[in-house]
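The values are calculated or read from the model by the stated rules, or taken from the named source; none is laboratory data. The structure presented is a predicted model; accordingly, all values stated were derived computationally and were not measured. Using ideal geometry, Cβ is built from the backbone for each residue, glycine included, and neighbour counts are taken over all protein chains shown.
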Amino acid sequence: MLWTSRRTMDKREAGPAQVDVVVRGGLVVDGAGMQKYDILIKDGTVVGRAAPGQKVEAKRVVDASGKLVLPGVIDAHNHPVYSDRIGTLSVSAALGGVTTVISFIGAIKAWGKTGSLLDAARDFIEEGEAGSVIDFCAHGSLVRDDLETIEETIPKLVELGVTSFKGFMAYSKRGMKLEDNDLLRVMRVIGAHGGLFCVHAENGTMLDYLQDTFIAAGRITPEYHALAQPNIAESEAVLRIAALASVVECPVYLVHLSARQSLDVVRMWRGWGGSIVYAETCTHYLTLSNADLLARGSLGKVGPPLREKGDVEALWEAIREGAIDVVASDFAGHTTKNKEPIWDDIFKAPAGLPGVGNLLTVVYDEGVNRGRITIPRLVELLCERPAKIFGLYPRKGALRPGSDADLVLFDPTVEHVIRASGQRLNTDYSMYEGRRCVGAPVLVMQRGRVIVEDGEVKASPGQGSYVPRASRKTA
Ligand SMILES: [Zn+2]
């Protein structure tokens, strides 16, 4: 195990005499290492630390002996807009150790709704305040129809704490694709207001061409999904968006990278000293492959598609050496019925996978238990980096004095089997059905209150709060 050689406990860090909660006896993890100390919590906030066993007066003592104490996980990418909305998504997330979700709202016009992105944001915040059991933030989504009003809406959204915006380089058939000139215009406005541009980087022209060609030839069974969205479509778009963004000085966050060549592009761009480009991948790209799509039909359809084993290993390598900053779920919950047709026409079935509750356990099992990453690196990927990139640090993603007391007691010895029924979602399937995992959250706390204990959610709908985020200009 990895231990930091920090100086011995400083008496001044011992905190006040009387606190609300002391989390005692755990091994506390941050991105730099692991250390045994007790965490002191008052009024929902971490107020200090105490040496193990040091006498502290507390209203509640949480025994963390034998457990890892992690900052609450931040899922930086999810879509509570299909079969599962923020209410059920938040329950599943909490059970899996996620205490903050940053959810994509909109793209309102692509879903046939009226109103501006600002209306969508307000509606989402209202829905979350009423139904979420955990804290939540919002990313905006921009589609072609939003372009007319971005000069007006983006500053208003930034004021509301929505400081990151997603755009698509593909999906013209769904009205979502932004052309290069649109991308420049959008990123110029976002960059000017201290925002971050999140981008679905795939070459939409290639995707449309390939899909149309396969459909015309009657090739519409599941094996054509990955063939219609090849690696090169992603890698080309990654270089192009980085180049475009550098011209208008806007930082970029690449969502759901999946192809091994894209990682080379990220490394090359950074090697050139290029403008800021962050990179994310998702649980499923680290664990599943095209074989899972072939085995389960459209239930395994996601865009970009599940790739080959070589891509999976390349992503882990990128995680080890830092080309990937964040792992997120990209949760999009569809029921089996909504995923139809399962086998007959892969291009008609909706894309998206559930799995917000598996983010921590599956990445821990695949990453830590298989010796691919250390526990501190896991905390960087799931807590610290998303908090820093999205303007939440150190309120979230850390357990420093002043941080929200959002934490996970993780038992690295618990063995469990993933079942769709255990997700507590409307979505009735899991891509990890029957998978055995070692290590699980046994207690989850948000702002000092226990929200999950022994597999039971203790928080009620509406207990979570909307967390506005700081823009890069104000941070
Ligand atoms: Zn997504």
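Take the residues of the stretch 81-106 that are within 16 Å of the ligand (Cβ to nearest atom) and farther than 14 Å from ASP330 by Cα: which is surrounded by the most Cβ atoms within 10 Å (Cβ to Cβ)?
Top of the filtered list is GLY106.
Residue by residue through the stretch 354-411, note down the ones that are polar (S, T, N, Q) and touching a Leu at 6+ places or on another chain (Cβ under 9 Å).
Correct list: THR374 only.
Exactly one of these conditions fails for TYR209: (1) touching a residue at least 12 places away in the same chain (Cβ under 8 Å); (2) assigned to a helix (DSSP H, G or I). Give me its number.
(1)
Assuming ALA120 fulfils every condition listed in (1) out of contact with any Lys or Arg (no Cβ under 6 Å at 6 or more places or on another chain); (2) surrounded by 24 or more Cβ atoms within 10 Å (Cβ to Cβ); (3) more than 17 Å from LEU353 (Cα to Cα); (4) modelled with pLDDT of 95 or more apart from one, which condition is it?
Evaluating ALA120 over (1) out of contact with any Lys or Arg (no Cβ under 6 Å at 6 or more places or on another chain); (2) surrounded by 24 or more Cβ atoms within 10 Å (Cβ to Cβ); (3) more than 17 Å from LEU353 (Cα to Cα); (4) modelled with pLDDT of 95 or more leaves (4) as the failure.
Check whether at least one residue in the stretch 280-287 is in a helix (DSSP H, G or I), in contact (Cβ under 8 Å) with a residue 40 or more places away in the chain and surrounded by fewer than 21 Cβ atoms within 10 Å (Cβ to Cβ), and report yes or no.
Within the stretch 280-287, not a single residue is in a helix (DSSP H, G or I), in contact (Cβ under 8 Å) with a residue 40 or more places away in the chain and surrounded by fewer than 21 Cβ atoms within 10 Å (Cβ to Cβ).
Go through the residues of the stretch 55-67 one by one and say whether even a single one is within 16 Å of the ligand (Cβ to nearest atom) and at pLDDT 95 or above.
no
Restricting to the stretch 242-258, give me the number of residues that are under 22 Å from ASN78 (Cα atoms) and either within 16 Å of the ligand (Cβ to nearest atom) or assigned to a helix (DSSP H, G or I) (or both).
7
Here are some conditions: (1) more than 24 Å from ARG85 (Cα to Cα); (2) within 16 Å of the ligand (Cβ to nearest atom). PHE165 meets all but one. Which one does it not meet?
Only one criterion is unmet by PHE165, namely (1).
I'd like the full set of residues that are away from the ligand (no atom under 16 Å from the Cβ) and either in contact (Cβ under 8 Å) with a residue 40 or more places away in the chain or assigned to a strand (DSSP E or B) (or both), limited to the stretch 293-306.
Within the stretch 293-306, LEU293, LEU294, ARG296, GLY297, SER298, LEU299 meet the criteria.
Assess whether ASP325 counts as being closer than 18 Å to LEU378 by Cα and in contact with a helix residue (DSSP H, G or I) (Cβ under 6 Å, 6 or more places away or on another chain).
yes
Based on this model, can you work out whether VAL143 counts as modelled with pLDDT under 95 and either within 30 Å of LEU381 (Cβ to Cβ) or within 16 Å of the chain's Cα centre (by Cα) (or both)?
Yes, satisfied.
Only one of GLU202, GLU179 is in the same structural domain as ASN231 (by TED's automatic domain parsing), of a type in the set (D, E, K, R) and within 15 Å of the ligand (Cβ to nearest atom). Can you tell me which?
GLU202
Within the stretch 259-292, restricting attention to residues that are more than 16 Å from the ligand (Cβ to nearest atom) and among the acidic types (Asp, Glu), which residue is farthest from GLY167 (Cα to Cα)?
Once the filter is applied, the top-ranked residue is ASP292.
Which of the following residues is outside any strand (DSSP E or B) and within 16 Å of the ligand (Cβ to nearest atom): ALA233, ALA170, ALA226?
The unique qualifying residue is ALA170.
Within the stretch 420-441, count every residue that is aromatic (Phe, Trp, Tyr) and either farther than 25 Å from LEU407 by Cβ or not assigned by TED's automatic domain parsing to the domain that holds GLY26 (or both).
Residues in the stretch 420-441 being aromatic (Phe, Trp, Tyr) and either farther than 25 Å from LEU407 by Cβ or not assigned by TED's automatic domain parsing to the domain that holds GLY26 (or both): 1 in total.
Those residues that are farther than 14 Å from ARG447 by Cα and either in a loop (DSSP other than H, G, I, E, B) or touching a helix residue (DSSP H, G or I) at 6+ places or on another chain (Cβ under 9 Å) (or both), I need them from the stretch 385-401; list them, please.
PHE390, GLY391, LEU392, TYR393
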